[in-house]
Structure formats: structure tokens, C-alpha cells
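For reference, the structure is listed below as C-alpha cells.
Every number here is computed from the coordinates shown, using simple stated rules; none is lab data. It should be emphasised that the depicted structure is a prediction, and the values quoted were computed from it without experimental measurement. For neighbour counting, all protein chains shown are included, and Cβ atoms are generated from backbone atoms with ideal geometry for every residue, glycine included.
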């Protein structure tokens, strides 16, 4: 069964919001777009694990998704960890299209896509290192453990050479993941009981540390560089104007009542996890504090304090069965 679901992909959503709210001429705009597309592809690849995992026996397999664990002064990330009584399997997911080969000399994955060639981090070494860190972090994992790099993109082709033939047990397309798991089931015998597995999962859940969202700091961007205002859902123009209960776009004449909902989420993604009336009013470019109060009170936000000291917060929560 799924013991731990994925966290809300806050870094992905923050990157998207940052790209949306930077001027077109900003020197970091192109890099942020590349980072967003890369993170989006990675997350979509992780979501593709849901189907094969749904076919596994819930009583036999404990699955933890999106684990981020401390190791010395750093953290390491595991896309999916499968625990059984006989073995554990660390699943590292990639979502790469094109023709994929492994360079055994420089230890790189090479991708040829529409005639262009580029290199990717050695995912096999990455997964092997994660597995080693996991064993050191949880000494109780002193039973057979393997890793596999799964490419979730169905439009990719794997090519091997004599030097890389051994990778066929370490890298597989997502369609072969269940076959690999079932093969492992026949290779190993039970050495742990359910109680021991439960102790390990509890420790992993307790140690999991969600990534802190400091997207502006990570790119060296100041808050005053962010474009404020409500974005039109139709033509993407910023800002819309609030007129008699409606957000109105002067670019395309689109109108709606709830344009500020996405804008306040953008604020939490970029600026911090709390907002007051003044900050809300300025970010939405509203004409008065009374209008800001009315709109804030209609949102599903937790609040503390009273009058001018009232602040509102929003929690990006993981929800079972939700695709973000």
C-alpha cells in the first residue's frame, strides 16, 4: 500500500509562478523557464508510477513516495521506495524522450533528440548513491536491496553497447517495472516480518523533511522585481482591475469574480506563507482596505490576530489521490 504520498510539488509551482510574474526582459527569465519545464517533466514522470503501483498487492508492498531524508549536512531524495519482507527497491524516475545511451567512459547518459545531442547526470550512479545513503541512514535495512532507474517516457529508445550491457538490470522503461518487481519476488526469501517493516516506515516518515520553499532566494531575485496584480485567465494580461465585484481585463474584456484566488496563491508561493490586508491590497492592486478585507474573508485561509494585526496563512497540503 502507499504508506507515504507525494508532497505538494511546491518548488515546481513556485517556479511556474515566478516565471509568470517576471518581466519578459528579465535576464533570468529563460533559465527559470528551462528549470520549470525540467521540473514539470520530472514530476509528470513520477506521476506515471501511480498506475503500476496500483496493480501491486497492498498487503505485500509498502510504498513511500517522494522521500527527502537528511544525511550529514545535506539531504537526499528518493522518488519511490518499495519495502517488502524480502527486499527493498529504490526507484529513481526519469522522464526523458529520444534515443538514450550510456557513455561508460565519462559516466553520462546521452540523449539524441531530433538530431541534437545532450548529456544528463548519471542516473545509475545517482540511484546507487541514494541506496548507499539509505542503508547508512537506516541500519535496519540490512537485507537485500536494489535500485532501478525507470524512464517514464514511452517515446524513448534504449541502446546499449558491450560495455553497458550490465545496465539492463539497472535501467528499464516504465512498462517493465512490474516484471522487474515480480522477478525480485522470486529471487529473495522473507527475512523480516511486518512489525519490523512498520518500524522502518515510521522512522522514514518521521525523518522526511519537505523542501523549504525559498524560490526568490534561490535565483537571487528581489521581491520588488515581481509583477503584482491579478492575471487574466484568458489572455494572461496583468493586471486586471476590480470594478463593482468583478475583475475586469482591459485587454480582452474578460470578467470574473475570483481572479484574486490564483494571485494570492502566487503570493504564498513567492513571498512567504502569510499575508496581511496591506500586503494583499498592494499585491492585488486594490483601491481600498475594505475591499481587501471582504475578499480575504471569503477565502479559505486561516487567520490570527485582530483588526490591523490580522494575518492570513495557507497550507499547501498533500492530498491522497490528487494529481497536481
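Here the stretch 82-153 is treated as an ellipsoid with the same Cα gyration tensor; its semi-axes, largest first and in whole Å, are 29, 13, 8. One quarter of the surface of the convex hull around the alpha-carbon atoms of the stretch 131-222 equals 10.1 nm², the direction-averaged projected area.
Is the stretch 228-313 rounded, prolate or oblate when judged by the Cα gyration tensor, a ≥ b ≥ c being the square roots of its eigenvalues, rounded requiring a/c under 1.5 and prolate requiring a/b larger than b/c? Prolate. Rg ratio for the stretch 45-170: its Cα radius of gyration over 2.2 N^0.38 Å, N being its residue count, equals 1.13.
On full extension of the chain, what length is gained from residue 288 through residue 228, given 0.36 nm per residue of separation minus the C-alpha to C-alpha distance?
Values: separation 60, 0.36 × 60 = 21.60 nm, distance 1.60 nm.
Gain in length upon complete extension: 20.0 nm.
Counting every other Cβ atom within 10 Å of each residue's Cβ, 114, 21 order from fewest to most as 114, 21. Measure nothing fancy, just the Cα-based angle from helix 123-137's long axis to the longest principal axis of the chain, in degrees from 0 to 90, nearest 10. So the inclination is approximately 90 degrees.
With a ≥ b ≥ c taken as the square roots of the eigenvalues of the C-alpha gyration tensor of the stretch 51-98, please select rounded if a/c is under 1.5 and otherwise prolate if a/b is larger than b/c or oblate if it is not? Don't skip to the answer; put the middle values down first.
Details: a/c = 2.63, a/b = 1.23, b/c = 2.13.
It comes out oblate by the Cα gyration axes.
Mark the label point 7 Å from the Cα of residue 24 along Cα→Cβ and return the residues of the stretch 210-229 whose backbone N is within less than 18 Å of it. Hits in the stretch 210-229 for residue 24 at 18 Å: 226-228. For the chain, the antiparallel share of DSSP beta bridges with both residues in that region comes to about 70%.
Taking the longest Cα principal axis of the chain as reference, the axis of helix 259-270 is set at about 60 degrees. Among 235, 249, sorting on how many other beta-carbon atoms sit within 10 Å of each Cβ, with the fewest leading, yields 235, 249.
Please compute one quarter of the surface area of the Cα convex hull for the chain and express it in square nanometres. Can you show the working numbers first?
Numbers: hull surface 82.9 nm².
Projected area, direction-averaged: 20.7 nm².
All distinct Cα pairs of the stretch 194-246 go into the 1/r average, and the inverse of that average, the Kirkwood radius, is 15.9 Å.
Counting every other Cβ atom within 10 Å of each residue's Cβ, 284, 1, 271 order from fewest to most as 1, 271, 284. For the chain, what does -39500 (n - 2.57) per DSSP helix run (n ≥ 4), summed and divided by total residues, give at 222 nm, in deg cm²/dmol to the nearest 500? Value at 222 nm, helices only, nearest 500: -10500 deg cm²/dmol.
Measuring between their Cα centroids, the stretch 97-124 and the stretch 206-250 lie 36 Å from each other. The label-point distance for residue 306 and residue 244, in a model that sets each label 7 Å from Cα toward Cβ, rounds to 3.7 nm.
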